[in-house]
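Visitor: My questions all concern the structure below.
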Amino acid sequence: GARAHPPARFEARAMSSVASATTLHATAPRAVARRGAGAGRACRSIDASWRAMSRTPVQSAARRASSSRRAPPAPEAAGGAATASVAPDADGVVPAFGPGSPPWPSVHADLRSGKFGEVRTVTPAQAAAMLRDDARAGLADVRPRIEFEEFRCGGEETSGSSALNVRNVPYFVPHRSAAKRWQGYFLCTKDGLKERDPTFSRSFREAFPDLNAPIIVGCKIGGDISQAPVTIDPVTKRQVFPEGSSQYADKSRSNSLMATYELQQAGYTNLFHLEGGITEWCVSGEAHVGDPNAFYFHPTILPGILFQLIMVEGIVVRSNLAYVKKFHPENFETINQNNAAYGFINDLVANSPINWMFDYYS
């Protein structure tokens, strides 16, 4: 049957070790008397060894259990997202995006609950009527500058009784880092990668100084505050997509809703959210300039076009030369030497991260 105690051989070996250590401990003082201070150091070392070997199994197990304890995992925020460090910006406003912002589900919950003020949604027709009937009313287009120049609300007239009070106050501006902007250029992003304007509330107050005037906030798509936000399952750590949302778009989130969240904190008391955004305004037939469905060229996408053309050409050249090298090695050196451009492009792609695509030929 199973034994409740360790084998006798183990007990004997343990007792022998303890006895040896006890003998050494007893003879250590005499070593000090004979050899002086040097032997004293040896005595202390032997004494420490004796203490280590004379520990009971229970004490050792307790020490191991104590050392193996770990701090509990940090709690997670609503929706399964890790708790973020929330910090107001220079104007005392907690941002809805970027450094210092809470997770979007928390921002969305504050908007739904009216923590800083009620979020009222208006259709493009209702917004147009407000702008025509109330001279104090204005429409804040928070899209990036380039999008505003391509198509916008209102007509060609910029003054007079028929002109609408539409102003562009971008929520996202070109990134301060030139390296980040160039990353966007290579991805064919107009004006490069962008970041939240750190002085957004100040810029907005310059455009709309009246905190109590009715102001309609609009972006490209509008967003739907009635939709549930995309969250993260705390168990599987995977995204949970409500109906209407996907990994590419969160229907509950938009630039205009994020801007509204910050403007309410900045003291604006009469804000309206434009349903469907500026795109819906134009499609519904309200007065506008430009076409939201047209493609507008901008010089900042040229680096991306050239980069992608070079990469496509590089892939074609690399695949052709890899094929020749494997199946027609007698022709490879001739092609590689007689066509310097082919050789350069081949070497460039061969030393790039996408070279794994050609492992079949190696």
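The values are calculated or read from the model by the stated rules, or taken from the named source; none is laboratory data. Keep in mind that this is a model prediction, so the values were computed, not measured. Counting neighbours? That spans all protein chains shown, and the Cβs are built from the backbone with ideal geometry, glycine included. For the accessible areas, the whole protein counts, side chains as well, though only heavy atoms, and no ligand, DNA or RNA atoms are used. Shrake-Rupley method; radii C 1.70, N 1.55, O 1.52, S 1.80 Å.
Visitor: If r is the Cβ-Cβ distance from Val235 to Leu187 and R0 is 41 Å, what FRET efficiency results, to the nearest 0.05?
Guide: Details: r = 34 Å, r/R0 = 0.83.
The value I calculate is 0.75.
Visitor: Continuing with this model, one more query. Over all Cα pairs of the range 82-193, how is the pair count split among 5 Å bins, expressed in % and running from 0 up to the last occupied bin?
Guide: Final binned percentages: 2, 9, 12, 15, 17, 16, 14, 10, 3, 1, 0.
Visitor: Which semi-axes, in whole Å and largest first, does the equivalent ellipsoid of the range 271-315 have when worked out from the alpha carbon gyration tensor as the square roots of 5 times its eigenvalues?
Guide: Numbers: eigenvalues 258, 28, 18 Å².
Listed largest to smallest, the semi-axes of the range 271-315 are 36, 12, 9 Å.
Visitor: What's the long-distance tail for the range 191-279, i.e. % of Cα pairs beyond 23 Å? Numbers along the way, then the final one.
Guide: Values: 1356 of 3916 pairs.
Result: 35 percent of Cα pairs exceed 23 Å.
Visitor: Moving on. Once amide H atoms are placed 1.01 Å from N in the peptide plane, what residues at a sequence separation of 5 or more from His273, or on another chain, have their amide H within under 5 Å of its amide H?
Guide: Result for His273 returns Arg120, Thr121, Val122, Val217.
Visitor: While we're looking at this one, here's another question. Just to make sure I understand: if all protein chains stay in place, what is the order of Cys219, Cys188 by accessible area at 1.4 Å, largest first? Mind showing how you got there, number by number?
Guide: Values: Cys219 5, Cys188 45 Å².
Listed by decreasing accessible area, they come as Cys188, Cys219.
Visitor: Starting from the coordinates of the alpha-carbon atoms of the range 244-292, obtain the Kirkwood hydrodynamic radius over all distinct pairs and give the value in Å to one decimal.
Guide: Numbers: mean 1/r = 0.0780 Å⁻¹.
It works out to 12.8 Å.
Visitor: Efficiency by 1/(1 + (r/R0)^6): what FRET value for Asp291 and Leu211, r their Cβ-Cβ distance, R0 = 41 Å, to the nearest 0.05?
Guide: 0.75
Visitor: Compute the distribution of all C-alpha to C-alpha distances in the range 117-159, in bins of 10 Å from 0, and list the percent of pairs in each, rounded to whole numbers.
Guide: Binned Cα distances yield the sequence 21, 51, 26, 2.
Visitor: Return the Rg/Rh ratio of the range 127-259 with Cα-based radii and a Kirkwood Rh.
Guide: 1.03
Visitor: Follow-up question, since we're still on this one. Give the lysines whose C-alpha is closer than 21 Å to that of Lys190, dropping any in the same chain fewer than 8 places away, or say none.
Guide: List returned: Lys180, Lys220.
Visitor: How large is the Kirkwood hydrodynamic radius of the range 224-362, in angstrom, based on all distinct alpha carbon pairs?
Guide: On the way: mean 1/r = 0.0479 Å⁻¹.
Value: 20.9 Å, from the Cα pair sum.
Visitor: Sticking with this structure for a sec: Can you list which of the chymotrypsin sites (Phe, Trp or Tyr not before Pro) found in the range 223-309 are DSSP loop residues with at most 10 other C-beta atoms within 10 Å?
Guide: Tyr248, Phe295, Phe297
Visitor: Of the accessible area of the range 124-229, with the probe set at 1.4 angstrom, what percent is carbon plus sulfur? Intermediate values should be presented prior to the final figure.
Guide: Values: 2650 of 5150 Å².
Of the solvent-accessible surface of the range 124-229, carbon and sulfur hold 52 percent.
Visitor: Here is a further query. Please list, by residue number, everything in the range 89-115 whose backbone N is under 20 Å from a paramagnetic label point 7 Å out along Cα→Cβ of Arg202.
Guide: Residues passing the 20 Å test: 89-101.
Visitor: In the range 88-157, what GluC sites (Glu not before Pro) fall in a loop by DSSP, with at most 16 other Cβ atoms inside 10 Å? Let's see the in-between values first.
Guide: Values: sites: Glu118, Glu147, Glu149, Glu150, Glu156, Glu157; in loops: Glu118, Glu156, Glu157.
Here the sparse-neighbourhood loop sites are Glu118, Glu156, Glu157.
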